[in-house]
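Student: Sharing a structure below in structure tokens format, with a few things to ask.
The values are calculated or read from the model by the stated rules, or taken from the named source; none is laboratory data. Here the structure is a predicted model, which is why all the values come from computation and not from measurement. Reconstructed Cβ throughout: ideal geometry from the backbone, glycine too, with neighbour counts over all protein chains shown. SASA here: full protein model, heavy atoms, side chains in, ligands and nucleic acids out. Shrake-Rupley method; radii C 1.70, N 1.55, O 1.52, S 1.80 Å.
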Amino acid sequence: MRTRYSFFCDFDGTVSVRDVTDVLLETYALPEWRDIEALWQAGDIGSMECMQRQVSLLRCSRRQLDAVADAVAIDPGFPDFVAACREAAMPVAIVSDGIDYCIRRVLRQYGLDWLPVHANRLTMSGDGRYALTFPSAHADCLSASGTCKCARMRTLRQPGTTAVLIGDGASDFCAAREEADFVFAKGALLDFCREQALPHMAYTDFYDVKRVLSNPQQGPHDAERRAADPTFAGYFLHG
């Protein structure tokens, strides 16, 4: 039998080509959002406080917000990846420190809004102002995130499966270290996995991920990637 997996996918910059929240803030937030971003980057505040304060600075109609989300493309390989996982009865969940409404709006364009989404919840006041609540927060979250990915993965992981995280950024660091058995990583997450010597593989898009899962004994296709990710082989073999 092939090893069974539970897949956990970051959204912004992983499933989506661009960070939806960043596009919204750049387009419709009061300029103070950049000062808040600087505080987060300096480590003075956690991502939950950062997101909460930034979203409160948005000034746009729901129609304008929808138009921004509708213009965001996803990784072209993601629908095929999800279809392959569904056929194999392997669960896929979105775990994101982004905005649930925007994530679902983007996924709806691709017929994927049935996927479970665990993210920060957007509320709309009706006067072009917005707020966030945090149904997936956890008091002990090491990252002080609105969505504690570690807690979500512990809760959602199906018994007896290998937990696979797919991501690209800082919001994935803690889950990669604490909860994932294996990580498909790019961007800052790839650097983190290498520094921490975590079981991982570099990827470019979801076509890469699907190719590996479809040919688990082959592994990375070139020697450079195989050498860079020596922990890969033990996780994707037929049992």
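Student: Report, by residue number, each residue of segment 123-148 that is surrounded by fewer than 19 Cβ atoms within 10 Å (Cβ to Cβ), not in a loop (DSSP other than H, G, I, E, B) and not small (Gly, Ala, Ser).
Tutor: Within segment 123-148, Thr123, Met124, Thr133 meet the criteria.
Student: Further, regarding this structure: Name every residue in segment 52-66 that is open to solvent by 20 Å² or more (accessible area, probe 1.4 Å) and either in contact (Cβ under 8 Å) with a residue 60 or more places away in the chain or touching a Ser or Thr at 6+ places or on another chain (Cβ under 9 Å) (or both), in order of residue number.
Tutor: Passing the criteria: Gln52, Ser56, Arg59, Ser61, Arg62, Gln64.
Student: Determine whether segment 168-178 contains at least one residue that is farther than 15 Å from Leu213 by Cβ, touching a helix residue (DSSP H, G or I) at 6+ places or on another chain (Cβ under 9 Å), among the acidic types (Asp, Glu) and surrounded by 19 or more Cβ atoms within 10 Å (Cβ to Cβ). Steps first, answer last, please.
Tutor: As a first pass, look at segment 168-178 and keep what is farther than 15 Å from Leu213 by Cβ: 168-178.
Adding the requirement that they be touching a helix residue (DSSP H, G or I) at 6+ places or on another chain (Cβ under 9 Å) leaves 168-178.
Among the residues that remain, those that are also among the acidic types (Asp, Glu) are: 168, 172, 178.
Those still in the list that are surrounded by 19 or more Cβ atoms within 10 Å (Cβ to Cβ) too: 168, 172.
Yes, the conditions are met somewhere in segment 168-178.
Student: Let me ask something else. Quick one: Glu37 ticks every box in (1) under 29 Å from Leu156 (Cα atoms); (2) free of Cβ contacts under 8 Å to residues at least 24 places away in the same chain; (3) surrounded by 15 or more Cβ atoms within 10 Å (Cβ to Cβ); (4) of a type outside the set (Val, Ile, Thr) except a single one, so which number is it?
Tutor: For Glu37, the failing item is (1).
Student: Is segment 83-91 home to any residue that is part of a helix (DSSP H, G or I), open to solvent by 60 Å² or more (accessible area, probe 1.4 Å), at pLDDT 95 or above and not acidic (Asp, Glu)? Steps first, answer last, please.
Tutor: Initially, segment 83-91 is screened for residues part of a helix (DSSP H, G or I), giving 83-87.
Pick out the ones that are also open to solvent by 60 Å² or more (accessible area, probe 1.4 Å) and you get 86-87.
Pick out the ones that are also at pLDDT 95 or above and you get none.
Checked segment 83-91: no residue is part of a helix (DSSP H, G or I), open to solvent by 60 Å² or more (accessible area, probe 1.4 Å), at pLDDT 95 or above and not acidic (Asp, Glu).
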